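Working notes for the structure below.
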Amino acid sequence: MNNVPLSGYLLLALVLFCIGLFGALTKRNAVIVLISIELMLNAVNINLVAFAKYGENPGLTGQIFALFTMTVAAAEAAVGLAILMALYRKRKSVHVDEMNHLKQ
Amino acid sequence: MVHYAFMIPLFPLLSFLLHLLFRKRVRSIAPILGCICTLVPLVLSVGVLIARFQGTTYTKEIEWLSLGKTAITMGVVITPLNAMMLVIVSLVSFLVHVYSKEYMKDSERLGTYYSYLGLFTFAMLGLVMSVNVVQLYIFWELVGVGSFLLIGFHYTSLAARAAAKKAFIMTRIGDVGLLIGIILLYWKTGSFSFAAIFQSVASGGISQEMITVTALLIFVGAIGKSGQLPLHTWLPDAMEGPTPVSALIHAATMVAAGVYLVAIMYPLFLASSVAMTTVAVIGGITAIFAASIGLVQDDLKRVLAYSTVSQLGYMMLALGSGGYDAGVFHLMTHAFFKALLFLAAGSVIHAVHTQNIREMGGLWNKLKFTGPLFVVGALSLSGFPLFAGFFSKDAIFAAVYHDGRYVLFFIALLTAFLTSLYMFRLVFLVFFGPAAEKIYRENSIILLAPMVVLGILAVVAGYIGSSWFGAPLQRFLHDGTTSLPLEAHGPVWLPYVAILISLAGIGVAYVRYGRRKDFHHENTSSSPVTMLLKNKYYVDEVYGVIFVKGAAFIGTIFVFVERYIIEGMVGTLASTVQWLAKCGSAFQNGQVQRYGAVAITGLALMLLLFIVLTGGYLQ
């Protein structure tokens, strides 16, 4: 298990982040966009944990940060979904390209 | 008296301003005001002439502009030539003002008419008193403006507008030559004043070539103003103006300004034989050229116009042949008899209401005063013995003969024959032969009185230049100067030949036109020569093709350059910018996802750039 190098984790995190970015930028459904954002957060978490274990100064800081991130992400997902619900009730739509009120 | 000379042009200027300001209100007194404002200059001019006769040349100038070391002055100079011109101009102007009172009485714009006349008279009087070439040039252009306004007086008529523009443009072409000549003279002599320029010419301060060039350029100005070949075509068209205007401007005064210009710059011309030859040749060719066209024209005023061109050619021929006295003498007599002819023609037109001589005939018994007066003018112009034209033409023949250019001498004689032929063609067609079945009334005394004055002058004016009485005019012109050539005396037989030629012309005219029976007359010959003459040698057509079409062609080329090359370049530039702006604005669609994509793409590009340029962190 220990023979996986640091770059392996980083590449995984990169691929995950790119998938998340792609989804966040291209999907019309706001739910998918939220999920994609979670993907990107998790890619960041992988980075934090990987550096905590194999970085220049190994320690627990990175792992604790990852726990904090998850907590904040959970709260964020709750708020985001709540906003989404409210919007859906008002507009009967979850398509992000129709959500351009602020422009007007 | 001579100290009041500066006031002479001011009265017509006053007339111009008053008529212009109050043209709506003073309509009823406009003619009276105009006549008074020209009568005073006439009296003053005669006084000045007498004073000059007894005294010497009077000069009065004030500084007008100061440019560095050069001071440009404005002022008055009374030489014998100037004094004579002053009297001619103010006299003809006064008579025309009187004549116009009756002739123009139905015009809506009487006040405007009189104001234009005042402007012209002011400019012409200022021109002949000019103290230096700058002042001369200013008034030279002002008379052009007056002429333009008066030709186009009936501005509702298309022909009048076109004629006014044509006159202005064609004389402008000449004026450019004059202006360049003046500038060159200033460059070479450092002065604008006549005396200083002639001084420099006499003392060799200016090279021979430069004298020739400047003299020719100044002559170009004279060609334009005096309707000489090849800039003559505006003068016949100028007959679209009212007839009194034709008498004043396009017969007696303004067109003679070109001759006056050559006369006043005479020392310059004398210094260059090339310039003298050019003047003589252009004058001679113009004389016979215009006279031949005058033979076949059907418009009464146009015949007189071509006659004017021809006579001005005579004057140039005389000046170019060294006949200074003869040229100036003919200028004076021509002013009288040609103004008389125009006023008489105006009287005929006023009675008959047409200008076409084919529709006239037998008017001798109906216009009992106009007829004889017209004949007096015609006899004088034809050089009939004892009339004014006889003496001045004789002087010209003598000068040309003396000069030794026999071809030009022959042309002058031939032109004299043509002159009496076309004049008496007019006389026989208009006044004799069968009459129309209409009743014409002789015009009122106001029209006739000016003609009577001119008629008397057209007879007696010749005697002041005749050697029978010791040639007082010539002695007067030479007073106070030694640079002018003395009058030439021709051979003894010359006057007899001249008389013979004049009578021959009248005789041929009688045979050809004096014996017709029916009213609708005249051969409508269409031989090539007649057609050539009727169409005025196609000069207008040739100019139309070369200059008008040529200019239009160049214009078309530039339109294409403008439209497709310059506008194309500008258009490409503008549409490129527009396209870029469209691309830019496509990013700003209000969608967060698009913004995010742009931001990420930008970041990726920047990172890529960083890696490519620096190789990144890893090495």
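The values are calculated or read from the model by the stated rules, or taken from the named source; none is laboratory data. Note that the structure is a prediction, hence the values are computed from the model and not measured. FYI the Cβ positions are ideal-geometry reconstructions off the backbone, even for glycines, and counts take in every protein chain you see.
If B:Val400 passes every condition in (1) out of contact with any Gly (no Cβ under 8 Å at 6 or more places or on another chain); (2) among the aliphatic types (A, V, I, L, M); (3) at pLDDT 85 or above but one, which one does it miss?
All conditions are met except number (1).
From the residues in the range A:80-100 that are assigned to a helix (DSSP H, G or I) and surrounded by fewer than 10 Cβ atoms within 10 Å (Cβ to Cβ), which one is nearest to the other protein chains (Cβ to nearest Cβ)?
Step by step, filter the range A:80-100, then rank; the result is A:Lys90.
With (1) part of a helix (DSSP H, G or I); (2) in contact with a Phe, Trp or Tyr (Cβ under 9 Å, 6 or more places away or on another chain); (3) in contact (Cβ under 8 Å) with a residue 60 or more places away in the chain as the list, and B:Asp479 as the residue in question, which single condition is left unmet?
The number of the failed condition is (1).
So which residues in the range B:433-445 are farther than 16 Å from B:Ala345 by Cβ and assigned to a loop (DSSP other than H, G, I, E, B)?
B:Gly433, B:Pro434, B:Ala435, B:Ala436, B:Glu437, B:Lys438, B:Ile439, B:Arg441, B:Ser444
How many residues, within the range B:469-506, are among the small types (Gly, Ala, Ser) and modelled with pLDDT of 75 or more?
4
Kindly provide the set of residues from the range A:12-26 that are at the interface with another protein chain (Cβ under 10 Å from one of its Cβ atoms) and within 10 Å of the chain's Cα centre (by Cα), ordered by number.
A:Leu21, A:Ala24
Restricting the range A:27-57 to residues that are within 14 Å of another protein chain (Cβ to nearest Cβ), over 19 Å from A:Phe68 (Cβ atoms) and touching a helix residue (DSSP H, G or I) at 6+ places or on another chain (Cβ under 7 Å), which is surrounded by the fewest Cβ atoms within 10 Å (Cβ to Cβ)?
A:Arg28
Might you let me know whether the range A:63-78 holds any residue that is surrounded by fewer than 17 Cβ atoms within 10 Å (Cβ to Cβ), within 13 Å of chain B (Cβ to nearest Cβ) and either in contact with a helix residue (DSSP H, G or I) (Cβ under 9 Å, 6 or more places away or on another chain) or not basic (Lys, Arg) (or both)?
no
Among the residues of the range A:1-11, what is the count of those that are exposed (fewer than 15 other Cβ atoms within 10 Å of the Cβ) and within 14 Å of chain B (Cβ to nearest Cβ)?
So the count comes out to 2.
Give me the helices (runs of 4 or more DSSP H) completely within the range B:187-246, filtered to those with at least 3 residues that are over 30 Å from B:Leu110 (Cβ atoms) and small (Gly, Ala, Ser), ordered by residue number.
B:194-202, B:208-225
The rows are residues; the columns are (1) farther than 21 Å from B:Arg302 by Cβ; (2) in contact with a helix residue (DSSP H, G or I) (Cβ under 7 Å, 6 or more places away or on another chain).
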{"position": "B:Ser321", "(1), (2)": "yes, yes"}
{"position": "B:Val348", "(1), (2)": "no, yes"}
{"position": "B:Arg358", "(1), (2)": "no, no"}
{"position": "B:Ser382", "(1), (2)": "no, yes"}
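Name the single residue that is surrounded by the most Cβ atoms within 10 Å (Cβ to Cβ) among those in the range B:19-43 being in contact with a Lys or Arg (Cβ under 9 Å, 6 or more places away or on another chain) and not basic (Lys, Arg).
Here the residue is B:Gly34.
Consider the range B:119-139. How many of its residues are under 19 Å from B:Thr57 (Cβ atoms), in a helix (DSSP H, G or I) and among the aliphatic types (A, V, I, L, M)?
Number of matching residues: 5.
Pairs under 7 Å by beta carbon, first residue under 14 Å from B:Leu81 (Cα atoms) in the range B:53-64, partner surrounded by fewer than 14 Cβ atoms within 10 Å (Cβ to Cβ), six or more apart or different chains?
Short answer, once both residue conditions are applied: B:Thr56/B:Gly480; B:Thr57/B:Gly480.
Any chance you could count how many residues in the range B:279-303 are buried (at least 22 other Cβ atoms within 10 Å of the Cβ) and more than 19 Å from the chain's Cα centre (by Cα)?
Residues that pass the stated criteria total 2.
Right, B:Thr171: of a type in the set (Ser, Thr, Tyr) and without any contact (Cβ under 8 Å) to a residue 24 or more places away in the chain or not?
Criteria not met by B:Thr171.
Of all residues being out of contact with any helix residue (DSSP H, G or I) (no Cβ under 6 Å at 6 or more places or on another chain) and within 14 Å of chain A (Cβ to nearest Cβ) in the range B:560-590, which is surrounded by the fewest Cβ atoms within 10 Å (Cβ to Cβ)? Just the residue, please.
B:Ser585
I need a count of the residues in the range B:591-617 that are away from every other protein chain (no Cβ under 14 Å) and in a helix (DSSP H, G or I).
The total comes to 9.
Looking only at the range B:323-359, how many residues end up being crowded, with 24+ Cβ neighbours inside 10 Å and part of a loop (DSSP other than H, G, I, E, B)?
Residues flagged as crowded, with 24+ Cβ neighbours inside 10 Å and part of a loop (DSSP other than H, G, I, E, B) within the range B:323-359 amount to 1.
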